[in-house]
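Structure, as structure tokens:
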Amino acid sequence: MASVHESLYFNPMLTNGVVHANVFGVRDWVTPHKMALLVLLSELGRAGSQLGLLERRRLNRLLLPLLQGPDMALSRLRKAIEECCPHLASSVHIRLKLMAEGELKDMEQFFDDLSDSFSGTEPEVHKTSVVGLFLRHMILAYNKLSFSQVYKLYTALQQYFQKDEKKDGADENEMELTNPEELDGKMEKEELDGPLREEEIACNGPLSQKQAEYFLSQQASLLKNDETKALAPASLQKELNNLLKFNPDFAEAHYLSYLNSLRVQDVFSSTHSLLHYFDRLILTGAESKSNGDEGYGRSLRYAALNLAALHCRFGHYQQAELALQEAIRIAQESNDHVCLQHCLSWLYILEQKIFDSCVLLEHSVNKSLHFGLPYLASLGIQSLVQQRAFAGKAANKLMDALKDSDLLHWKHSLSELIDISIAQKTAIWRLYGRSTMALQQAQTLLSMNSLEAVNVGVQQNNTESFAVVLCHLAELHAEQGYFAAASEILKHLKERFPPNSQHAQLWMLFDQKIQFERAMNDGRYHVADSLVAGITALNSIEGVYRKAIVLKAQNQMSEAHKLLQKLLIHCQKIKNTEMVIRVLLSIAELYWRSSCHTIALPVLLQALALAREYSLQYLASETLLNLAFSQLILGIPEQALNILHMAIEPVLAHGAVLDKGCAMFLVAKCQVASAASYTPQKKTEALESAILNLNEAKTYFAKVDCKEQLRDVLYFQARLFHTLGKTQERNKCAMLFRQLHQELPAHGVPLINAFK
């Protein structure tokens, strides 16, 4: 189920993905790259009406990231301009060439001419526009340079231009030796690269204030919306270290370093960066300026709160509780109700690790609504719904509660919580065994557009909610036998959430589970056994359960029983009801295989009582199928058929293909067993009906490539055809059975003693 408490992290730097960096001591200065931008603006003003509307629109869209972004190579700048307006790129190149190959006075004259852009009754550039402010900053920065600094700037311009000329010469030589088709492919790939590549972003000197702010805001936005487009953790840390080398008191850089360390689960570095962020925030006085005398205390309490969240994320619950107590104490002294509400939410998260209690959560929701904190109130409702789903509350009541929280989301445009709510609904329907409803909710989330404004080319909604929904979607497709579609979804997940990203463990677990099920269906138990270690590393309970399934399939009954008993005690202790029921069903199957049919009945009745108590409809239906099988073994097939008529409908409507096949196979067995006491005519009709059900079961088993079950169905069909005197059909089934029997090893258990 979707984890909702991760969104409770207080993030003072992100507001709709934008970094508010107000502490940086380095002002703008003139660089060769910025001179190239000035030439571009000058040529753009000269072109005037000669430019078409489409070209001007493209150039206007290009200007803002160029003005805000870091310096880049001249070749890359030229290429960006050529995509918008080729003849303007040529004019810029010629103008720069004349300046770089001319004399120093040409550069002096160029800056003198820039001031003319603001003159006249209708100036080319308004002083307060984005372009106007950039021009004025550059003119002022140039006028403050000494003669030696001007000469160094001119020398840097010449080197900047010459480096581009050398690169052009090397590209021409390479073009002669390269196949044109390969070159076109290479150029297309370069065009598709993001605006900030690792080899382009590194700079020799410190970034200016605006460049640093833009860099941090872009990377923070990418980490939130599309982690795959952000710099790699090592590269991003290198750039942040470069920023901090020139200005160690840049608090926001420390916070981005903290977020970057969380990506790779680095406890030491993330704690170090978080503490440095709040230390620098206090030292620079940034909080005091915005909040008066209260700023110092505010930083301290939120530092303690973030530290508690960090420890809770890494499972250090005792340290988290100590930090949370400190945050509560300081917040109470300052009468900060907002901070106290955050603390109350985290207190519930910590206490639910020890015991289940809704009191804190309900109090938190009421207080959050009272103080006008819709985000926290909605998160509280989501957590409450999640807890009550595990407690077995009716689905209609949970959906009503989620509907109330959805009203808050849409009213306040809380995009992230809308996604979490839909992911919760998907997980709840999956828990209750309603796969059709879960599929509908998953498709709803995937077809939605984000309410948040993100940059062009950035994948929207790259959040945990989407990872959860896509994983459920992959599993649903695999259950229905659409393994190719499931593989495509998992492939998309791997691209969208790389292995080093924070949500990668979700798809890794589902990928391993799907592979395990396929191996078990195919009878490749050694392959399934090799996958158990990977599942255990991601989810220990699932790993132990699947290890027991493999042992059971390999007829190692005593080892499987010991493992299942230990798992049952552990799951009862942690109140994992769904797994408790699955373990009980597996234990009942072990008793069947050991010919202890009467001992299996109390176990199945216990599982049925739990499934009905916790409203787990699909597990209840599966338990009824197992009870019907027990009654068949005990010699009362008529009663088994009555139970099957009650239980089979949810299985056929929402069940996996394998479960549908097993259910139809069981119906056929019960029909054949019941027909023993019928008149000859009714017996023939019953056997023909059983053959039809076996054909349906065979279709289901073939869809998931379950060869062992197919072999059993073919054997059963051949016996029925022999009884009815249909020799040709009998021989066909016998031939197919023989082919599968030679391919698969015999399991050594009588056919009647295996339900699944």
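Points worth noting:
- Accessible surface ranking that places the most exposed of TRP592, TRP429 first, with a 1.4 angstrom probe: TRP429, TRP592
- Whole-angstrom gap from segment 509-532 to segment 634-692, using each part's C-alpha centre: 30 Å
- Pairs beyond 18 Å (Cα-Cα), from LYS403/LYS425; LYS513/LYS562; LYS224/LYS425; LYS425/LYS575; LYS393/LYS660: LYS513/LYS562; LYS224/LYS425; LYS425/LYS575; LYS393/LYS660
- With all protein chains in place and a 1.4 Å probe, the accessible surface of segment 32-144 carries 52 percent carbon and sulfur.
- Measuring nothing but protein heavy atoms, the accessible surface of segment 656-755 at 1.4 Å probe radius is 55 percent carbon and sulfur.
- Under the Karplus curve 6.51 cos²θ - 1.76 cosθ + 1.60, θ = phi - 60°, whole-Hz ³J(HN,Hα) for segment 377-388, x wherever Gly or Pro sits: 4, 5, 4, x, 5, 4, 5, 5, 4, 4, 5, 6
- By average C-beta atoms within 10 angstrom, highest first, the peptides 670-680, 334-344: 334-344, 670-680
- Each peptide in 600-611, 135-146 gets a packing score, the mean of other Cβ atoms within 10 Å over its residues, and the list from highest to lowest is 600-611, 135-146.
- Sorting TRP410, TRP507, TRP29 by solvent-accessible area of protein heavy atoms yields TRP410, TRP29, TRP507, largest first, with a 1.4 Å probe.
- Per residue, segment 656-755 exposes 49 Å² of solvent-accessible protein surface, assessed with a 1.4 angstrom probe and all protein chains in place.
- Accessible area of segment 47-160 divided out per residue, in Å², using a probe of 1.4 angstrom: 58 Å²
- Alpha-carbon centroid distance for the pair segment 221-262 / segment 416-441, whole angstrom: 34 Å
- Per-residue SASA remark: GLU165, around 70 Å² accessible (1.4 Å probe; ligands, DNA and RNA not included).
- Protein heavy-atom surface of segment 380-426, 1.4 angstrom probe: 56% of the accessible area is carbon and sulfur, with nucleic acids and ligands not counted.
- Sequence-distant lysines (8 or more away, or on other chains) whose Cα lies within less than 23 Å of LYS144: LYS34, LYS105, LYS127, LYS152, LYS210
- Relative to the Cα centre, the charge distribution of segment 656-755, modelled as +1 at Lys and Arg Cβ and -1 at Asp and Glu Cβ, gives a dipole magnitude of about 220 debye.
- Cα gyration tensor shape for segment 32-144, rounded if a/c is under 1.5, else prolate or oblate: rounded
The values are calculated or read from the model by the stated rules, or taken from the named source; none is laboratory data. Quick caveat: nothing in here was measured; it's all calculated off a predicted structure. All Cβ positions, even for glycine, are placed from backbone atoms using ideal geometry, and neighbour counts span all protein chains on display. Accessible surface areas use protein heavy atoms only, side chains included; no ligands, DNA or RNA. Shrake-Rupley method; radii C 1.70, N 1.55, O 1.52, S 1.80 Å.
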